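J.: Quick one: structure below, then a few questions.
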Amino acid sequence: MSLELLSAEGGMDSIARTIGRHLKLNWDLTSWELTLKSPHTDKYKLYRVNKGENLELVATNCPADKIPWQRRSKGDDIISRDIHFGNFRFDEQKMRTEDRDSLNLYFRFIGQAYEHYYAKQHLVEGRAETLESLPLGIASLDSQGDIIDMNEEMSRLLGGATISGAKQFSELFKIGLGSSIGNSWDEFLEDDSKKSFSKIICASLRTGGVPRDACLYVSAYKQERDEEELVTLIMEDIREISESQIQALKQRDFLEGLVDSMRDVVLTVDKRGNIHYASSRFSKIFLGRNIFDIATPSDTFTGRWGPELFEKKKTIVEVLLKRTETSGRPFEFGISKLAGPGEKSLIVARDLTAIRRLEEKLKRQAVFDGLTDLYNHTQFNSLMVREIKRSIRTGRPVGLLFFDLDGFKAVNDNEGHQVGDEVLKAVGEILRNELRSGMDFPCRYGGDEFGVIVTEVRPEALEKIGNRIRLRVEKKFSGKVTISGGLTVLKEGDTSTSMLSRADKATYEAKDLGGNVLVWAK
């Protein structure tokens, strides 16, 4: 459930709604209060739900000691690595011990997930603000030289050009400045071995409606992002500097461009860990700080975290690197001792975010079927056990629709497995569209068999839902593929195994009746 927060969109209100849905479905909590810390300040928002009412934003920008709580109990703190992100309070007199324990565990995971969301939101907005404030024209291009996006300064330097018409940077450059960028630009794009480009071009700059002579320094760097080659391009007006300064600038920007084109962060530190150099993209963040203040070792680190690290010729350590006071990202430090005076060390920091993202992808694959994006076989069994327990606890009914596809084997045999896969995907889409999000759980049991766990449903409603799905499938494939299924609801003494067995037998009965029918389990 906490993984949902990592992909939440819509700000803190969306986070609060997601938490509220979890509380309702898993612990039947309908009256509570929740505070969440803003990613931009140390102040809090207060949300409240009273029984029978919707989520309400009660207060914003509240200091921790000025929150207008209705409930005076201590509640559950939302914490990750000793950083406080909020608090949850509710009336817990009637909650069972095991439910209270699972609620505590839930908020421990919510704390970690909210920290990731908190850091991501703060970083994305900060990056955008910094990018727009720079006196540089910046553009992102694909490998063919087409502009994907550019900031306002780049548009201004190109004479107010937009990407709505011509998209090739070289074309916009010629239209906006009346000068060609040259053949070396085409060679840079076409030659895979050329990773960077830099050139000073004198042209007539049309800004403010009055043409004037100007020298523009254009630099570009090829980068691999998500297995796709992109080009980052920077353009700067350098008309007021001398020739010697231009040469120095070219050399400096070229060298820094090579460093910045790396995915890694490059730092140099003295023997106490004070940072004296950082890749230009990170210089404002890291310069002048101490590496031991902004990085903490992972749980697998067993040595002493301090200047002793620089005594070894080379050291590899995984850390959490803080870019702000309250957030961090996983990095791997490669620490090497530099030759020469000054007792300095070089740190090459590799961002492990993509690796962690892959880990999250693998976690998702453990939950969802890769073809249909429905819950997989393992999750079906887990969800059955969970919903049966919840039904017994709350007294609210739960039902099961289990079915397989009539005519699917013929599609596979006659039209190929790729067409068969499209059929399975289409059935998955029908299930997601016809069922209630968060209350019904469609699963791919295996092959062409599907199970749908339907909560808070009476028998007549379950049959109506099942027939609606059956008719949608029949219409989708014009009768070529239909479903035969069994229906059942939880009975006294039932287990997940007994419910599934009963529904499975009813599916066979439906097959014997000629298919395209749903049968109630006996």
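The values are calculated or read from the model by the stated rules, or taken from the named source; none is laboratory data. As the structure is a computational prediction, the values presented were derived from the model and not from experiment. Don't worry about glycine lacking a Cβ; one is built from the backbone with ideal geometry, like all the others, and counts go over all protein chains shown. SASA here: full protein model, heavy atoms, side chains in, ligands and nucleic acids out. Shrake-Rupley method; radii C 1.70, N 1.55, O 1.52, S 1.80 Å.
J.: Scan the stretch 13-28 residue by residue and report those that are in contact with a Leu (Cβ under 8 Å, 6 or more places away or on another chain) and open to solvent by less than 20 Å² (accessible area, probe 1.4 Å).
T.: Matches in the stretch 13-28: I15, A16, T18, I19, G20, L23.
J.: D65 versus (1) under 21 Å from R108 (Cβ atoms); (2) part of a helix (DSSP H, G or I): which is the lone unmet condition?
T.: (1)
J.: So, one more: Take the stretch 465-522 and flag every residue that is within 13 Å of G399 (Cα to Cα), of a type in the set (A, V, I, L, M) and in a helix (DSSP H, G or I).
T.: Within the stretch 465-522, I465, M499, L500, A503 meet the criteria.
J.: If a residue must be open to solvent by less than 20 Å² (accessible area, probe 1.4 Å) and without any contact (Cβ under 8 Å) to a residue 60 or more places away in the chain, how many such residues does the stretch 392-433 contain?
T.: 8
J.: Might you check whether a residue that is free of Cβ contacts under 8 Å to residues at least 24 places away in the same chain, on the phi < 0 side of the Ramachandran plot and open to solvent by 50 Å² or more (accessible area, probe 1.4 Å) occurs anywhere in the stretch 81-90?
T.: Among the residues of the stretch 81-90, not one is free of Cβ contacts under 8 Å to residues at least 24 places away in the same chain, on the phi < 0 side of the Ramachandran plot and open to solvent by 50 Å² or more (accessible area, probe 1.4 Å), which makes the answer no.
J.: A follow-up question, please. Working only within the stretch 33-51, note down all residues that are under 29 Å from the mean Cα position of the chain (by Cα) and open to solvent by 70 Å² or more (accessible area, probe 1.4 Å).
T.: Within the stretch 33-51, H40, D42, K43 qualify.
J.: Additional query: Looking only at the stretch 440-462, count every residue that is assigned to a helix (DSSP H, G or I) and out of contact with any strand residue (DSSP E or B) (no Cβ under 6 Å at 6 or more places or on another chain) and tell me the total.
T.: The total comes to 2.
J.: Could we say that K389 is loosely packed, with under 15 Cβ neighbours inside 10 Å and in contact with a Lys or Arg (Cβ under 8 Å, 6 or more places away or on another chain) here?
T.: no
J.: When you scan the stretch 68-123, how many residues do you find that are of a type in the set (D, E, K, R), assigned to a helix (DSSP H, G or I) and at pLDDT 85 or above?
T.: Qualifying residue count for the region: 5.
J.: Something else: Regarding F477, is this residue of a type in the set (F, W, Y) and within 31 Å of the chain's Cα centre (by Cα)?
T.: Taking the combined requirement at face value, the residue does not satisfy it.
J.: Kindly indicate which of S2, S7 is under 30 Å from E387 (Cα atoms), surrounded by fewer than 14 Cβ atoms within 10 Å (Cβ to Cβ) and within 24 Å of the chain's Cα centre (by Cα).
T.: Residue meeting the stated conditions: S7.
J.: Which residue pairs have Cβ atoms under 6 Å apart, sit 6 or more places apart or on different chains, and have a first residue in the stretch 52-68 that is without any contact (Cβ under 8 Å) to a residue 40 or more places away in the chain and open to solvent by 100 Å² or more (accessible area, probe 1.4 Å) and a second that is in a loop (DSSP other than H, G, I, E, B) and not aliphatic (A, V, I, L, M)?
T.: Qualifying pairs under 6 Å: N61/K43.
J.: Which numbered condition trips up M384, out of (1) open to solvent by 60 Å² or more (accessible area, probe 1.4 Å); (2) at negative phi; (3) not small (G, A, S)?
T.: That leaves (1) as the condition not met.
J.: When the residues of the stretch 12-58 are narrowed to those that are of a type in the set (F, W, Y) and in a strand (DSSP E or B), which ends up nearest to L105 (Cα to Cα)?
T.: W32
J.: Right, here's the next one. All but one of (1) of a type in the set (S, T, N, Q); (2) part of a helix (DSSP H, G or I); (3) open to solvent by 60 Å² or more (accessible area, probe 1.4 Å) hold for S437; which doesn't?
T.: (2)
J.: Just to be sure I understand, how many residues within the stretch 59-84 are of a type outside the set (D, E) and within 26 Å of H116 (Cβ to Cβ)?
T.: 15
J.: A further question on this structure: For the stretch 287-339, what are the residues that are farther than 20 Å from A354 by Cα, β-branched (V, I, T) and open to solvent by 80 Å² or more (accessible area, probe 1.4 Å)?
T.: T302
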